[in-house]
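What follows is a set of notes on a single structure, which appears directly below.
What follows draws every value from the coordinates through simple rules; no lab data is involved. The structure presented is a predicted model; accordingly, all values stated were derived computationally and were not measured. Here the Cβ positions follow ideal geometry from the backbone for every residue, glycine too, while neighbour counts run over all protein chains shown.
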Amino acid sequence: MIHAVYPGSFDPITYGHLDIIQRGVKIFDKVTVAVLINPNKNPLFTVEERIELIRQATKHIPQVEIDSFSGLLVDYMKKKNANTIIKGLRAVSDFEYELQMASINRKLDPNIETFFMMTNNKYSFLSSSIVKEVARHHGCVSDLVPPCVEEALIKKYAGYKVTF
Ligand code: ADP
């Protein structure tokens, strides 16, 4: 049984993330989507909100587990008894950072393998930040995120006025 962990901020989950999860469960027996609690970042959604949105967006995929973690990913992997990390790659710009992360994780724990999945072309431009930027200006994000996320974004930015 291969248990893989898909870590990230997921602030919020997008169709790009969901595509990686859906393809991931075809390869691995179980995929844990692990929301990183990073006190240095200023997220739009709380960890609980992000987990709830992932839960709603993945409720049709039984092999998915959702969790959160802080600290070193390798320590979390050990705790979960998992040795495969899934990462999505959008562009060359993702590659350099991800290579660095995969290398340090392998140094910290040689048993851990990072598995890279190329983005689906139609989502190669998609990031949580771009989605937030569009939603903040009341643009349409229905092709970019699941309906529950779209609804949550509309609520978050309801009182936000665009000024030019
Ligand atoms: P971001 O805020 O840039 O969307 P996250 O930290 O939430 O990033 O991303 C978690 C993981 O999902 C990372 O491995 C990232 O490369 C991957 N990912 C994010 N968006 C996409 C996408 N559109 N296609 C493929 N992988 C993606």
Legend entry - Dipole in debye (nearest 20) - the range 22-89, about Cα centre, beta carbon charges: Lys, Arg +1; Asp, Glu -1: 240 debye
Inset, instruction - Provide the gained length on full extension for the span Leu99 to Tyr157, in nm with one decimal, where the gain is 0.36 nm per separating residue minus the Cα-Cα distance. - result: 17.4 nm
Inset, instruction - Let me know the volume per residue of the alpha-carbon convex hull for the range 1-101, in Å³. - result: 109 Å³
Legend entry - Cut-off under 5 Å, modelled amide H: who pairs with Thr114 long-range: Ile85
Legend entry - Inter-site label distance for Arg55 and Ser68 at 7 Å from Cα along Cβ, in nm: 1.2 nm
Inset, instruction - Write down, largest first, the equivalent ellipsoid semi-axes of the range 59-117 in whole Å, where each equals the square root of 5 times an eigenvalue of the alpha-carbon gyration tensor. - result: 20, 17, 10
Legend entry - Signed unit charges on C-beta, dipole axis of the range 1-105, positive-most listed residue Gly88, Ser103, Thr32: Thr32
Inset, instruction - Using all C-alpha to C-alpha distances in the range 9-68, build P(r) with 10 Å bins and read off the rounded percent in each one. - result: 23, 56, 19, 2
Inset, instruction - Bin all alpha-carbon pair distances of the range 112-164 at 5 Å intervals from 0 and give each bin's fraction as a whole percent. - result: 4, 17, 26, 18, 13, 10, 7, 4, 2, 1
Legend entry - Within the range 90-164: Cβ-based charge dipole about Cα centre, in debye rounded to nearest 20 (Lys, Arg +1; Asp, Glu -1): 320 debye
Legend entry - Per-residue HN-Hα couplings for the range 7-17 [Karplus 6.51, -1.76, 1.60; θ = phi - 60°; Hz; x = Gly/Pro]: x, x, 7, 6, 10, x, 5, 10, 5, x, 4
Inset, instruction - May I ask you to list the lysines whose Cα is less than 24 Å away from that of Lys122, ignoring any residue fewer than eight positions away on the same chain? - result: Lys26, Lys59, Lys87, Lys132
Legend entry - Calculated P(r) tail over 27 Å for the range 23-164, as whole % of Cα pairs: 27 percent
